Amino acid sequence: MSSVEFVDFLKEIQEKWGKKWVEDNLFKAEDFDTKRKKFYLLTEFPYPSHVGLHMGHCRSYTMMDIYTRYLRMKGYNVLFPMGWDAFGLPTYNYAIKVNRPPKEVAKENVKNFKNQLIALGGSFDWTREINTTDPEYYRWTQWIFIQLYNHWYDPEYPREDGKKGKARPISELEIPDDIKKKGPKAIKEYQDRFRLAYKAKMPVYYCPHCRIGVADEEVEPGGTHERCHQPLEKRYLEQWLLRITAYADRLIEDLELVDFPDSVKRAQINWIGRKYGAEVKFFIENTDYPVTIFTTRLDTIYGVTFVAVSPEHSFVEWYFENVNNLGIDEETQKKVREYVEEARKKVDKTFEQKIKTGVFTGVYAVSPVTGEKVPVYVADFVLDEVGTGAIMGVPAHDQRDYEFATTYKLPIKVVIVPKDVYEKGQEAIEEFSLNLTKAYEKEGVLVQSDKYTGLSSNEAKKAILEDLYKKRLAEQVKYYRLRDWVFSRQHYWGEPTPMIYCEKCGWNPVPEDELPVILPDLDDYKMADDGTSPLQRATEWINTTCPECGGPARRETDVMPNWAGSNWYYVRYLDPHNKERLVDEKKAIYWLPVDFYDGGAEHTTMHLLYSRFIYKFLYDIGVVPTPEPYAKRRNHGLVLGPDGKKMSKSRGNVVNPWDVIEKFGADTVRMYVAFMGPYEGNVPWSDESARGVLRFLERAKAFIERSIKHIQENKGFKNNEMLTARLHRLIKRVSENIESLKFNTAVAALMEFLNNHENDVLDGENLEVFLKLLAPFAPFFAEEYWSRLSKPYSIHTSDWPVADEKLIEAHAEFVIPVQINGKVRGQVTVQGKVEDKEVILQIIRKDPKINRYLEGKKIQKVIFVPGKIINLVVKE
RNA sequence: GCCGGGAUGGCGGAACUGGUAGACGCGCCGGACUUAAAAUCCGGUGGGGCUUAAAACCCCGUGCGGGUUCGACUCCCGCUCCCGGCACCA
């Protein structure tokens, strides 16, 4: 049989069995099965783009499919589901490009993806297939949003896992009396400040050239639009935000409960970026208006020579309201106004090497420690989203402040010196200060700081904080790099946000019994040219009635981001057709948490963190039973192009899975992607290497067919024990390798066995074992020969073979390397596991080769590790 | 700049918690089959030395420099380079 014919054979059987498995629902997971242990194996669901499955999907899904098939044969009740994350920008853009409704395009993409996954042999439970764009699915995405809106976070409230902090219904939020007195509107405003979903003005990118809103990922580093390379503008729109920061501490602490790689845990902790620091009030001279700054370096406060606020800071509004009282001249006012206007619009992501700019406001702030006045600047290097959006400028000890001070000729006052400098005395301190050419950012000992002089940075931080706290000028705060999650997108192809706005009553959620709010069809799906959502054009859909007063009201036209559907999808797999609830409680208890979550390293922070947040919220409101969703997480590697670089259209190094399945057959591709490298590694594709796997399968075919023939012709034929023992050693190796995700060495072990025994034949029992070992890797191939052996359908629901340890032990072959002074000089063969070093030494003495190294020398020491090695330390 | 990961033959990669470095595959070389090629099969293949050739033997070898150890790809200290992520985070 030529290789071409063999590939045809593979394609024939993959067609035949692939179809049958799906028809038979062979891989259906059983709810509530108590006889078998459950195993929820989750792999990130794909974003079905019009390009079709890519090689990365092909490899990670195959590896997880191998794992799944193994676990299933091992006797687990495995849940291995699949679905589609079908909302999102690429599909939307593509639909506009080909001038078709996104809905139709998405549907086709899904169909295409599903066929490809079936062809690949993915043993998914298709009865649980979900699609984030299905109204019956996004009804619950919307429902979660409403629950977030209807809840607030009480950091002190006890929760089920015994710790403190829990989401509670907004109705349970205590309203202060003075608010109550002001009436229902004030009460609602007060509640809005606590809701887990709330509205706030946030910047979005807008391209004046293309006249459309631009998503974050379409912004180029220089602040230009990816498509037209023209400069973008920042606009401020009211958007929905989710209060993830309320869960920040829990998201850090509960990492202890889960088995994630350390690097992933670290990444999450860094992403959250919890820091302790102080907020300090700097009052504007002769007013009672304070600018509150945030710092982690309170020890440097005596070095403050200016205060700077971000262009977006509320100080600016206060300033213009009070310019007259402050006695600011026209020219300064004009300068400040121009600077702020310009800066608020500007989009610039190239911060480095840029000269820091700012504008002096003409007002001074009073240092809370010295009472000295320092100038107040508006400067765009101060970011509004970081800290309080205002800083104390300490040029001597912060490089950015240093650069700013140099540009604007502000004084640079050294207040921290290294310990050894301090100890050398005044002269050394002065010399250090004079020779400063850039900020000294390390901690050290305080100088020129009144009574704190001589304290270490750490001591000073505490002492200064304590003193300022007493004067109500400072307090300790926890600060997170993580910010609340902007949850509005000005696009079309996403879940409608289930909120209604009424002039009289403000925002209200859509009543739950009216869900889902279905995304309306449009005549024209193009982006709106003012940067708002295209849904603005769905006039009929927008106009509705207020759930509170029944008067005329409008629907929210911003849709949810892509994350919305994908951060809880794995819960819906448990009960995908439930019309009453997001998930049946008992099913959730049976299946959760996810036992193993496989995904890409690129989702280590955002997706993993955000989905953990949503899950924790669902836990708080009693939808799911455990504090953490994923018991174990591992990141798979990428498939690189044949050139070793990341596959990309522009590089022209893309390998299409569909093409290689056509060329080599699905079993070959499966086995090759498992074999090509370690699970976590990024490995290049190679057609030549894939051919090596094809050769292996072809040889395996000949080997199996010869064995079958031999068995039929020789009734009662049995292999010798040695061969059987070797096969059992193979069982052990393959099992251990799959369990530790070393699919590459598992395949190598199978190859090695065939290399060693290709000229033998297997007896009936051993042949079954061999096919079973092959089954997870080459499922079509294994099924075909299983059926030819007339074994009951299917090999994939048969039992995984158990290695006979005694047999392995009995036929253990020990070759002990012999080292002289750490260098291997020979080896001796022993029977069984010899523990006594004298026995080995006697064998060595009989070996002339090794003895040559011992002539005229004295053995000083013998190190013997039974079963491993013997090392003789000798001397002249 | 910060955080994370990595560096092993011509290539992808093996090597358990420190115990024969290079499993397995690709490629390459030689041979068989063939009119020929492809495919397939058999043998060889880290570098160097010695040798007419082979066997045998010797030296070097896991990015670089040191250290610990009977023994180091593996552990420790100090570097270099590459890849990924984040980045004016106060």
One point scatterer per Cα, no solvent, Debye formula: log10 I(q)/I(0) for the range A:671-762 at q = 0.13, 0.14 Å⁻¹ comes out as -0.52, -0.59
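At a temperature of 25 °C and a viscosity of 0.890 mPa s, determine how fast chain A diffuses translationally according to Stokes-Einstein, using the Kirkwood radius over alpha-carbon pairs as Rh; express D in µm²/s, rounded to the nearest whole number.
The estimated diffusion coefficient comes to 75 µm²/s.
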Area of A:SER171 that stays accessible when all protein chains are in place (1.4 Å probe, Å², to 10): 100 Å²
Would you mind counting up the charge near A:PHE87? Only other residues with Cβ under 11 Å from its Cβ, with Lys and Arg at +1 and Asp and Glu at -1. -1
Nearest-0.05 FRET efficiency for A:GLU338 and A:ILE187, computed from C-beta distance (R0 45 Å): 0.65
Using 7 Å Cα-to-Cβ label points, what is the A:LEU522/A:ALA702 separation (nm, one decimal)? 6.2 nm
When the Cα centres of the range A:79-144 and the range A:206-265 are compared, how far apart do they sit, in Å? 24 Å
Rounded accessible area of A:CYS549 (nearest 10 Å², 1.4 Å probe): 60 Å²
Rounded to the nearest whole Å², what accessible area per residue is found for the range A:1-150 with the 1.4 Å probe? 37 Å²
If I take R0 = 30 Å and measure r between the Cβ atoms of A:GLU220 and A:ARG100 in this structure, what FRET efficiency does the formula 1/(1 + (r/R0)^6) give, to the nearest 0.05? 0.60
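Averaged per residue, what accessible surface does the range A:310-449 expose to a 1.4 Å probe, in Å²?
Per-residue accessible area for the range A:310-449 comes out at 55 Å².
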Cα centroid distance between the range A:603-659 and the range A:718-756, in Å? 31 Å
List the lysines whose Cα lies under 26 Å from the Cα of A:LYS334, skipping any in the same chain that are fewer than 8 positions away. A:LYS201, A:LYS234, A:LYS345, A:LYS346, A:LYS354, A:LYS356, A:LYS373, A:LYS409
Å² of accessible area per residue within the range A:709-865, as computed with a 1.4 Å probe and no ligands counted: 54 Å²
For the range A:630-713, which GluC sites (Glu not before Pro) pass both filters: DSSP loop (anything but H, G, I, E, B) and at most 14 other C-beta atoms within 10 Å? A:GLU680
Given a 1.4 angstrom probe, I'd like the percentage of the accessible area of chain A that is carbon and sulfur, rounded to a whole number. 49 percent
Going 7 Å from the Cα of A:LYS346 toward and past its Cβ, which residues in the range A:285-314 have a backbone nitrogen under 19 Å from where you end up? A:307-314
Taking 7 Å along the Cα-to-C-beta vector as the label spot, tell me the A:GLU256-A:TYR236 distance in nanometres, rounded to one decimal. 4.2 nm
Any idea what the relative contact order of the range A:224-311 is, in percent, if you count C-alpha pairs under 8 Å spaced at least 6 apart? 15 percent
Between A:ARG481 and A:GLU321, take the C-beta separation as r, use R0 = 35 Å, and let me know the FRET efficiency to the nearest 0.05. 0.60
Within the range A:110-185, report the trypsin sites (Lys or Arg not before Pro) that DSSP leaves as loop and that have at most 15 other Cβ atoms within 10 Å. A:LYS163, A:LYS182
Please compute the length gained on full extension between A:GLU503 and A:ASP530, using 0.36 nm multiplied by the number of residues separating them and subtracting their Cα-Cα distance. 7.4 nm
Solvent-accessible surface (1.4 angstrom probe) belonging to A:ASP643, in square angstrom, nearest 10: 80 Å²
Do any chymotrypsin sites (Phe, Trp or Tyr not before Pro) in the range A:1-59 lie in a DSSP loop with no more than 13 other beta carbon atoms within 10 Å, and if so, which? A:PHE32
For the full complex of protein chains and a 1.4 angstrom probe, list A:LYS345, A:LYS586 by accessible area with the highest value first. A:LYS586, A:LYS345
Calculate, in nm to one decimal, what A:ARG472 and A:LEU383 gain on full extension: separation in residues at 0.36 nm each, minus their alpha carbon distance. 29.5 nm
So how far apart, in nm, are the two label points at A:MET606 and A:PHE194 if each is 7 Å from Cα heading toward Cβ? 3.2 nm
Note the full-extension length gain between A:GLU835 and A:ARG691 as 0.36 nm times their separation in residues minus their Cα-Cα distance, in nm to one decimal. 47.3 nm
HN-Hα J couplings of the range A:233-248 from phi, Karplus 6.51/-1.76/1.60, θ = phi - 60°, integer Hz, Gly and Pro as x? 10, 9, 10, 10, 10, 5, 9, 7, 10, 10, 7, 5, 4, 5, 9, 4
Projecting each Cα onto the charge dipole of chain A (Lys/Arg +1, Asp/Glu -1 at the beta carbon, about the Cα centre), which of A:TYR47, A:ALA553, A:TRP240 comes out farthest on the positive side? A:TYR47
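The values are calculated or read from the model by the stated rules, or taken from the named source; none is laboratory data. Note that the structure is a prediction, hence the values are computed from the model and not measured. Cβ sites come from the backbone with ideal geometry, for glycine too, and all protein chains shown count toward neighbours. Surface accessibility is based on the protein's heavy atoms, side chains included, excluding ligands, DNA and RNA. Shrake-Rupley method; radii C 1.70, N 1.55, O 1.52, S 1.80 Å.
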